[in-house]
1. Could the peptides 96-108, 294-306, 210-222 be put in order, highest first, of the mean number of other beta-carbon atoms found within 10 Å of their residues?
2. Starting from 0.36 nm per residue, how many nanometres of slack lie between E218 and E50 once their C-alpha separation is accounted for?
3. Sticking to Cα atoms, compute the Rg of the chain to one decimal and its Dmax as the biggest Cα-Cα distance, whole number, in Å.
4. Which percent, to the nearest 5, of DSSP beta bridges fully inside the chain are antiparallel?
5. In degrees from 0 to 90, rounded to the nearest 10, what is the angle of the helix 265-275 Cα long axis to the longest principal axis of the chain?
6. Tell me the relative contact order for the chain as a rounded percent, counting alpha carbon contacts under 8 Å between residues six or more apart.
7. Mind putting a number on the dipole of the chain about its Cα centre? Charges go on the C-beta only, +1 for Lys and Arg and -1 for Asp and Glu, and I need it in Debye to the nearest 20.
8. Give a residue-ordered list of calculated ³J(HN,Hα) values for region 57-73 (Karplus: 6.51 cos²θ - 1.76 cosθ + 1.60, θ = phi - 60°; whole Hz; x for Gly, Pro).
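Derivation of every value follows stated rules applied to the coordinates shown; laboratory data play no part. None of these values were measured; they are calculated from a predicted model. Note that each Cβ is placed from the backbone with ideal geometry, even for glycine, and that neighbours are counted across all protein chains shown.
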Amino acid sequence: MRALSGYSAEELVRILAPLPPYKAREVFKWIARGVRDFEGMTNLGKQEREDLSRRFTLRSTGRDSALADRDGTVKLRVSLRDAAAEAVLLRDKEGRGTACISSQAGCPVGCAFCKTGSLGFLRNLEAGEMVEQVLHIREIGAEQGTEVSHLVVMGMGEPLLNLGELRRAAEIIMDPQGLGVSRRRITVSTSGICAGIRELADSGPHLRLAFSLTSAREELRNALVPIGRDNPLKQVKEALGYYQQTTGQRITLEAVLLGGLNTGAEEAAAMRDFARGLDAVVNLIPWNPVEGLRFRGRALREPSGAETEAFAGLLRQGGLAVTRRFRRGRGVSGACGQLGWTSGGPPR
Ligand code: SAH
Ligand code: SF4
């Protein structure tokens, strides 16, 4: 049976016919408010509710196991019909909640430092599967008294390789009658797919964009982020410039810091060069350990605190704005780059 979570209000009007359009729009609102079954839609008639429940379900995913970290982060496994995806609730010091959701099951990019990348790629997630991750995370937030007001597409997968479904999900999530998360509160992180960046600029929605640069020295970057070979940094920079021009937004450059690998002075200089001409802030992410990942024959390691500080200092000296990402969720392997089914391939 078809699940309705992945359809916009206007699509529901069409799909739910002969239900009157205003009632189809009510169904849309109910789904966003988190009702679990048609029975809960109290402004529909009994007969209508029965008809609908024979034809449709509301959701296609389930809330599977959740792990809570001491720092307030919750990592949720969301069961899909054929696999699992992970979504994370992040809570900042002020108690504000952010949902981090996945866009694919696995990831085809295969970055050397990322657990998801080491799993291979299973499939793109559908719009409804992304919307439902937000619903699940909101529910967990509500249980904790955390309002989930922000969204980052930084879980498993490369969102710009699934742009069609991402766009559909974003429309539903941004609809004030739907989940009502404003465009400015949604950030999409990409490993640097030029065509996708340009398409997002041209066709919207103009979500906030973060680019996972990690190294601005092309040789090292291409070894770490294999998709770089098809998306040279010069072209990525042009695409980011185009996005910036089109949207008027500041862009985030994410840099995963790998101890002893990309934290030196040359790296900092290359990063400053890359950022020149862009309105950008660099977000440093000290590498979160993933067991078993090796690069060029050696185990990857976290940067020391001093190494991170020194690198930040070098960037700042060059006039760059630098922030550091909190290391949230590491106690439950729910931090950046630690997401993935635990072993032996996707469950079920
Ligand atoms: N595929 C997209 C979005 C998901 S990854 C992308 O790569 O941007 C989200 C972020 O986590 C990226 O910035 C990525 O570089 C970072 N990341 C991946 N593995 C990591 C790890 N082990 N430790 C810290 N950050 C990691
Ligand atoms: Fe995919 Fe992003 Fe992980 Fe790279 S860092 S493998 S692009 S999820």
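1. On the way: 96-108: 24.0, 294-306: 12.1, 210-222: 21.0.
Sorting 96-108, 294-306, 210-222 by mean packing, highest first, produces 96-108, 210-222, 294-306.
2. Values: separation 168, 0.36 × 168 = 60.48 nm, distance 5.90 nm.
Gain on stretching E218 to E50: 54.6 nm.
3. 20.8, 70
4. On the way: 20 of 47 bridges.
About 45 percent, rounded to the nearest 5.
5. 50
6. Details: 688 pairs, mean separation 57.5, N = 348.
Averaging sequence separation for qualifying contacts and normalising by length gives 17 percent for the chain.
7. Numbers: 49 positive and 40 negative charges, 50 e Å.
Around 240 debye, computed over the chain.
8. Result, ordered by residue: 10, 8, 10, 10, 10, x, 7, 9, 6, 10, 10, 9, 8, 4, 7, x, 6 Hz.
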